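The values are calculated or read from the model by the stated rules, or taken from the named source; none is laboratory data. What you see is a predicted model; the values in this text were computed from it and never measured. Positions of Cβ are generated from backbone atoms using ideal geometry, with glycine treated the same way; all protein chains shown enter the neighbour counts. SASA here: full protein model, heavy atoms, side chains in, ligands and nucleic acids out. Shrake-Rupley method; radii C 1.70, N 1.55, O 1.52, S 1.80 Å.
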Amino acid sequence: STVSVIGQRRLASKASEDYVNLFRAVPGVNVTQTSARDLNITSRGATGTLSTTQLALIDGRSVYLDFFGFVGWDFLPVNFAEIKQVEVIRGPASAIWGANAMTGVVNIITKSPREMQGTSVTMGFGTFTRSVEGQTVDPGNGGLFYTSVSHATVVNDRWAFKLNAGFYGADPFARPVGNIDNAFQTPYPTFSNTGTEQPKLNARVDYDFADGRSRLTFDGGYAGTSGI
């Protein structure tokens, strides 16, 4: 297995909080995005719309959706400013990391409350083209918007906490029209893509022991998504 580390300088250089383009530049990692919310990341394996053998962690907490059998990348409830580094492991890693790490691991390590004291607000918006060949009606450009609010407080030399709330919304992407270029000239499906709305919330409480080396962390979050 090989490891790539994405540091804070690279995270800060990104124009938007876009996990697709963040991982697209990592060697040996394949990224697919088929709609405003359907994206997948695979390493050392065949690219697909569902990645069932890639483990994703946030501070050691798995975001693999066991019931559905894939990683919901749009469920990640943290913004780029909160991330300390991202470790991308390519290759079989189940012996160390456990289930679902057969082809690779994405380990997202966030800053502790003591490392990001205060309140920060992140906001962004943009547009994207939706014109495709063969359209009879041009739907015009689509838009996206995201915002995130983070707050961290050090209560005393033992206790500290941080809260993060955010929202991401995007118009539907375009779909190809006409016929697929194969021997049968199969027509593309006629259904339309839908946009997405994604509320997110994350909380973390740290307790630092008197020895200065040990820490107990309580971490949890909520995320929702719409669109397919």
Among (1) of a type in the set (Asp, Glu); (2) open to solvent by 40 Å² or more (accessible area, probe 1.4 Å); (3) touching a residue at least 24 places away in the same chain (Cβ under 8 Å), the one test that Asp206 misses = (2)
Out of the residues in segment 168-190 that are buried (at least 16 other Cβ atoms within 10 Å of the Cβ) and of a type in the set (D, E, K, R), which is farthest from Asp208 (Cα to Cα)?
-> Arg175
The lone condition Ala165 fails out of (1) of a type outside the set (Asp, Glu); (2) open to solvent by less than 60 Å² (accessible area, probe 1.4 Å); (3) under 20 Å from Trp73 (Cα atoms); (4) touching a residue at least 40 places away in the same chain (Cβ under 8 Å) is (4)
State all residues of segment 1-28 that are among the β-branched types (Val, Ile, Thr), modelled with pLDDT under 85 and open to solvent by less than 40 Å² (accessible area, probe 1.4 Å); if no residue qualifies, say none.
-> Val20
Answer yes or no as to whether Thr153 is within 27 Å of the chain's Cα centre (by Cα), exposed (fewer than 14 other Cβ atoms within 10 Å of the Cβ) and either hydrophobic (A, V, I, L, M, F, W, C) or closer than 30 Å to Thr110 by Cα (or both).
-> no
Set Ala81, Ala101: member being modelled with pLDDT under 85, within 20 Å of the chain's Cα centre (by Cα), over 20 Å from Gln198 (Cα atoms) and open to solvent by less than 60 Å² (accessible area, probe 1.4 Å) = Ala101
Asn156 is checked against (1) more than 24 Å from Pro189 (Cα to Cα); (2) touching a residue at least 12 places away in the same chain (Cβ under 8 Å) and fails just one. What number does that condition carry?
-> (2)
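Which of the residues that make up segment 43-56 are modelled with pLDDT under 85 and open to solvent by less than 10 Å² (accessible area, probe 1.4 Å)?
Our first condition is that a residue be modelled with pLDDT under 85; within segment 43-56, this holds for 43-54.
Ser43, Ser51, Gln54 - these are the residues of segment 43-56 that are modelled with pLDDT under 85 and open to solvent by less than 10 Å² (accessible area, probe 1.4 Å).
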